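Right, one structure below, let's go through it.
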Amino acid sequence: MDAKKLTRQNKIAELYNNPIGHDAIEKVLLQLGISEKWITNPIVSNVRLKTLERLAGKKLGSGFFDAMLNLVNIESDVPTDGKGPITETWWKEAVIYQIYPRSFYDTNGDGIGDLRGIIEKLDYLQELGVNAIWMSPIYDSPNDDNGYDIRDYQKIMQEFGSMSDFDELLLKCHERGMKVIMDLVINHTSDEHEWFQNALNEPEGEFGDFYFLRKDDGKEKEPNNWTSFFSGSAWNYYQEKDLWALHLFSKKQMDLNWDNPKVRDKLIEMINWWLEKGVDGFRMDVINYISKTEGLPDGDETIASMMGYAGIEHYYYGPNLHKYLKEVRAKAFEPHGAFSVGETPGVGMKMSQLLTGEERKELDMVFSFDQLETPGHVRWDDYEYDLNYYKKYITDWMLHYGNNCWMSLFYNNHDNPRMASKVSMDKQYTESIQILLAVMQLTLKGTPFIFQGDEMGLVNYPFKSVDEITDVETKGLVAELRGKGKSEEEILRTVLAGTREHARILLPWNAYPADFRQEMRQPINTKITNIYKELIALRRSDKALIYGDFQVLDDTKDKFTYARTLNGTTYIVDCNLGKDSRKAYTQTEGFALIFATEAKENVSSKLAPYEARLYKR
Ligand code: ISL
Ligand code: CA
């Protein structure tokens, strides 16, 4: 079905009913912390866009409306109803474990995790019960962004080991029935990649058009106003060449020009090379950013101030995104039956349906990030995450995403602080929160992605100073805040709230030499590990927990009680998402209590703070 083209004559309601308009408005509301009730109120929804433009005047500016309409009108498709049967595949049934190799397990004492470390821990992972691993990048890289800046796609990072270590790892995973998912960073390469070096040296040559290189206009001014996610302008100036190059991330992560078919050919060739080695799939880094509006126009200032970054409306759901994804799928993934999960910041549910609908042949799944902060908050805010928001978010997706789409279930990753710490820093609740999160992750509908260390009960690390942090994103932010004259105390608070470094501390395996960065080790909570084992085994033993229907039984404040049902088997999951005790679900006659946060014999008619129980019939 085709989407209707919209103009300023249309009403707010019509914009909101358009799938892309819907997601864009929701994103803005979420960012501003405004309830969607505001937009569905008839007084507001009946207003024509041109009237809103006049009323809002300078506040929104006409560029804002142009940007919204452009975004909406480049999408000609609408999602299907998704009411057909669910197709069964291995990646829907898998429990995937994310490894951040640098901090997973170090076997040679240089302080850096390595491939041999992963090989040595395969028994551990198998015992845990996970049947797929996703490894953050292990390719050759100067490590400006810990491997997300790739210098050579077909070489292993020296600190991590060699290609023969990799081959052994792949083989040993497959011997254990475990799938291997690689990280594919193809929105950008390192500035040290030979393509970029060639492009700089010979801008008129074959590689000149592999990136976004722009001649200076004589004023040493950036070609547009786009900003980088790692602070400052998204353009780097190469004085000796008098050229600017685009980088949405660090100055050493240069955006590839996907509009050049040779770029796509080279990347597809490389992907096929890995697939032929036998890897089972890819997690695709910021894959929704690969197509940019032609001519790279300035970003709208209103959107920039709402979102914190200028230019995103020109690439987060770009004009050729679907086309490029279909091409990669058809020429690489499809012939190998490989799995793909896209990392897609900023993309909402309708956009995700258009990216992952099984009939569309683009991606298998996406990571959508709007669940990670409550409305009105950004990662750097020091606040307590209210799980009632997660309940609302996840319920909406599970009920409306459609049977032709499949969700990823995750709470954190290598880019985020640990969710358990975000919910509460109060130690008396930590363990219960961790158990609660595990119960939900392994009983909700979708594919769970466990982040390394979650199963050990790890929490955020209490950094004492910003100097302890090596991450390029955090360093950029610290410099920016200092420039704005913020106090060191305030800066540390911001960093502690949001830094990615929390997720990147070396895992505290017992086998380290005693003196090795002792101060950073947290004790492993084996109770949590055992609970993960139990729940993973349970999930893998019963398709009701995978494909089963999802139904909400109680979603009053702090309560999240739901059922999963398939072919006569029903599970009831009864959760308390808050700090006060709550009435436990009572309609459990005929059900057996199969899991509880508290010892099973102690369960009462009340759920303790953050308690979770699981029943089966
Ligand atoms: O910068 C953001 C907005 O605050 C993030 O949402 C960002 O877009 C997202 O974290 C992208 O992450 C991925 O690409 C980065 C890399 O540094 C991350 O580690 C990776 O997960 C650049 O490759
Ligand atoms: Ca090492």
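A short reminder: the numbers here are calculations on the coordinates, not readings from a lab. Please read these numbers as outputs of a predicted model, since none were measured by experiment. Neighbour counts are summed over all protein chains in view; Cβ atoms, including those assigned to glycine, are modelled from backbone coordinates with ideal geometry.
Only helices enter this figure: runs of n ≥ 4 DSSP H residues, each worth -39500 (n - 2.57), summed and divided by the residues of the chain, yield -9500 deg cm²/dmol at 222 nm to the nearest 500. Modelled label positions at residue 591 and residue 8, each set 7 Å beyond Cα in the direction of Cβ, lie 5.6 nm from each other. Backbone amide hydrogens, once placed in the peptide plane, bring residue 553 within less than 5 Å of 561, 562, 563, excluding anything fewer than 5 places away on its chain. For 333, 560, the sequence from fewest to most other C-beta atoms within 10 Å is 333, 560.
Computed 3J(HN,Hα) for the range 490-505, one whole-Hz value per residue from the Karplus formula 6.51 cos²θ - 1.76 cosθ + 1.60 where θ = phi - 60°, is 5, 4, 4, 4, 4, 4, 4, 5, x, 5, 6, 4, 3, 8, 10, 6, glycine and proline marked x. Cβ-Cβ distance of residue 331 and residue 522, R₀ of 41 Å, FRET efficiency by 1/(1 + (r/R0)^6): the value works out to about 0.35.
Applying 0.36 nm per residue to the separation of residue 43 and residue 465 and subtracting their alpha-carbon distance, the gain on full extension is 146.9 nm.
Put simply, the amide H of residue 570, placed in the peptide plane, has neighbours under 5 Å in 617, leaving out anything fewer than 5 places away on its chain.
A straight Cα-to-Cα reach below 19 Å connects residue 579 with the lysines 391, 392, 422, 427, 557, 559, 606, residues fewer than 8 places away in its own chain not being considered. Placing unit charges on the Cβ atoms of the charged side chains and taking the dipole of the chain about its Cα centre, the candidate lying farthest along the positive direction among 246, 135, 352 is 352.
For the range 240-304, trypsin sites (Lys or Arg not before Pro) meeting the loop criterion (DSSP other than H, G, I, E, B) and having at most 12 other Cβ atoms within 10 Å: none. Considering only DSSP beta bridges where both residues belong to the range 91-244, give the percentage that are antiparallel (nearest 5). Antiparallel: roughly 45 percent of the beta bridges in the range 91-244. Potential lengthening of the chain between residue 565 and residue 580 amounts to 2.5 nm, from the contour at 0.36 nm per residue minus the alpha-carbon distance. Taking other Cβ atoms within 10 Å as a rough exposure proxy, 467, 382, 574 sort from fewest to most as 467, 382, 574.
The slack in the chain from residue 70 to residue 83, taken as 0.36 nm per residue of separation less the alpha-carbon distance, amounts to 1.7 nm. Scanning residues 5 or more positions from residue 228 or on other chains, those with amide H under 5 Å from its amide H are 233, 234, with H placed 1.01 Å from N in the peptide plane. Straight-line cross-link reach from residue 464 at under 19 Å between alpha-carbon atoms covers these aspartates and glutamates, not counting any fewer than eight positions away in the same chain: 381, 382, 426, 473, 488, 489, 490, 501, 519. Taking the fewest neighbouring Cβ atoms within 10 Å as the starting point, the ordered list for 38, 258 is 38, 258. Simple point charges give the picture: +1 on the Cβ of Lys and Arg, -1 on the Cβ of Asp and Glu, and for the range 40-171 a dipole about the Cα centre of about 1300 debye.
Counted over the chain, the DSSP beta bridges are approximately 60% antiparallel.
Computed from the Cβ-Cβ distance with R0 of 35 Å, the FRET efficiency linking residue 206 to residue 172 stands at 0.30.
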